Amino acid sequence: MRTLEVDTDEVGIDYWLFGNAQETVDYAKSLRDAYELLGVDLEREPLDILRDMKILGEQHSNRSIKNRMEQFRYKNMTRYIAEAINAKQTQSAPILSSVFPRYSELSSCVHGGPAATTEFSRATADISEAVDISTFASLYIRWSVYLLFYQYDKKMEPLVQITNRYLKKFAGHNN
């Protein structure tokens, strides 16, 4: 959405650089924590290590890098989308209001938490709702990607049209 809004590849480049840096920093922090359990002090911050590896340039301050990385956290991207479509005013995109609770609810399954064993013993309606949300999210992501590719290759139009048709059909079925 932001790529279309600013009409540049800036957001894609930022996502590639800072989104990847965010994942790398999270991984580096977990390694640091693991080393600390063994009594080893790395004495360096993950961002400094990324600079040494030439992944991040010297021109950005730690604060600037952290701010740019934050925009690619799941919750911040979801908020951006909600604000961009004025979800509060139009009552549109009801799926966005269910993203946060669903993510928390299902994270135990993803991470093998204690609630994972009870999640699937719920009523069929809950499972059906989770399947619906997953289906909608999958269709929407595919449509968005095809739409983005269509900007560069007009041969993508049939895929854009097909996924858009399924999205409308799915949305109409679930209203």
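The numbers here are math on the coordinates, done by the rules we state, and not lab data. All figures in this text were calculated on a predicted structure; none of them were measured in a lab. Here the Cβ positions follow ideal geometry from the backbone for every residue, glycine too, while neighbour counts run over all protein chains shown.
Below 8 Å between Cα atoms, with a sequence gap of 6+, how large is the relative contact order for the range 1-72 in percent? Mind showing how you got there, number by number?
Details: 35 pairs, mean separation 27.9, N = 72.
The normalised contact order for the range 1-72 reaches 39 percent.
May I ask you to evaluate 6.51 cos²θ - 1.76 cosθ + 1.60, the Karplus curve with θ = phi - 60°, for each residue of the range 36-50 and list the ³J(HN,Hα) values in order in whole Hz, giving x for glycine and proline?
Coupling constants for the range 36-50: 4, 4, 8, x, 9, 9, 6, 6, 9, 7, x, 5, 5, 5, 5 Hz.
Taking 30 Å as R0, compute the FRET efficiency from the Cβ-Cβ separation of residue 44 and residue 2 and round it to 0.05.
Taking R0 as 30 Å, the efficiency between residue 44 and residue 2 is 0.35.
Answer rounded, prolate or oblate for the range 14-77, using the Cα gyration tensor with square roots of eigenvalues a ≥ b ≥ c: rounded when a/c is under 1.5, else prolate when a/b is larger than b/c, else oblate.
oblate
In debye, nearest 20, what is the charge dipole magnitude of the range 1-72 about its Cα centre with +1 on Lys and Arg Cβ and -1 on Asp and Glu Cβ, if you could check?
Working: 9 positive and 16 negative charges, 17 e Å.
Once rounded to the nearest 20, the dipole reads 80 debye.
I'd like to compare 12-23, 150-161, 46-57: which one has the highest average count of other Cβ atoms within 10 Å, and what's the full order after that?
In decreasing order of mean packing, 12-23, 150-161, 46-57 become 12-23, 46-57, 150-161.
Taking a point 7 angstrom from the Cα of residue 152 along the C-beta vector, which residues in the range 14-32 have backbone N less than 20 Å away?
14-21, by backbone N distance to the label point.
Around residue 71, which amide H atoms from residues at least 5 apart in sequence, or from another chain, sit under 5 Å from its own amide H, with H modelled in the peptide plane?
Residues meeting the criterion, in which the H sits 1.01 Å from N, do not exist here.
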